[in-house]
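In what follows, a single structure is set out as structure tokens and then discussed.
The values are calculated or read from the model by the stated rules, or taken from the named source; none is laboratory data. Remember, predicted model here, so these are calculated numbers, not experimental data. In this analysis, Cβ positions are derived from the backbone assuming ideal geometry, glycine residues included, and neighbour counts consider all displayed protein chains. In case anyone asks, the SASA skips ligands and DNA or RNA and just uses the protein heavy atoms, side chains included. Shrake-Rupley method; radii C 1.70, N 1.55, O 1.52, S 1.80 Å.
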Amino acid sequence: MLAMILAAIEGLLGIGACFGASFAAIGAGLGIGKIGGAAMEAIARQPEAAGDIRSNMIVIAALIEGVALFAVVVCLLALFV
């Protein structure tokens, strides 16, 4: 009986880790898409500031990717540890 309960808990842990990793990836994709759209709108409004806008966009996108990667790693650690 106890073995069945532990197996069920491990299965739920795996499902939770998969959902957490997928939510992190989806959130990062939405965030980077929003940043890209806002940057294109800003460049269309002020073409002379395109270089500054592009560099800021790349830095922010890299920070979002770092947070998403950290979230996925935490989910995987929860799954395997």
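Where does helix 2-45 land angle-wise versus the long Cα axis of the chain, in degrees 0 to 90, nearest 10? So the inclination is approximately 0 degrees. For the chain, a simple Cβ point-charge model (Lys and Arg +1, Asp and Glu -1, everything else neutral) yields a dipole of about 60 debye relative to the Cα centre. For the chain, the solvent-accessible area of protein heavy atoms averages 73 Å² per residue (probe radius 1.4 Å; ligands and nucleic acids excluded).
Between beta-carbons, use under 13 Å as the cut-off and find the net charge around ILE58, counting Lys and Arg +1, Asp and Glu -1.
Local charge sum for ILE58: -1.
The relative contact order of the chain comes to 50 percent, based on Cα pairs under 8 Å that sit 6 or more residues apart. Against the chain, whose longest principal axis comes from its Cα atoms, helix 50-80 is set at around 0 degrees.
Calculate what fraction, in whole %, of the accessible area of the chain sits on carbon and sulfur atoms when a 1.4 Å probe is rolled over the protein chains. Result for the chain: 78 percent of the exposed heavy-atom area is carbon or sulfur.
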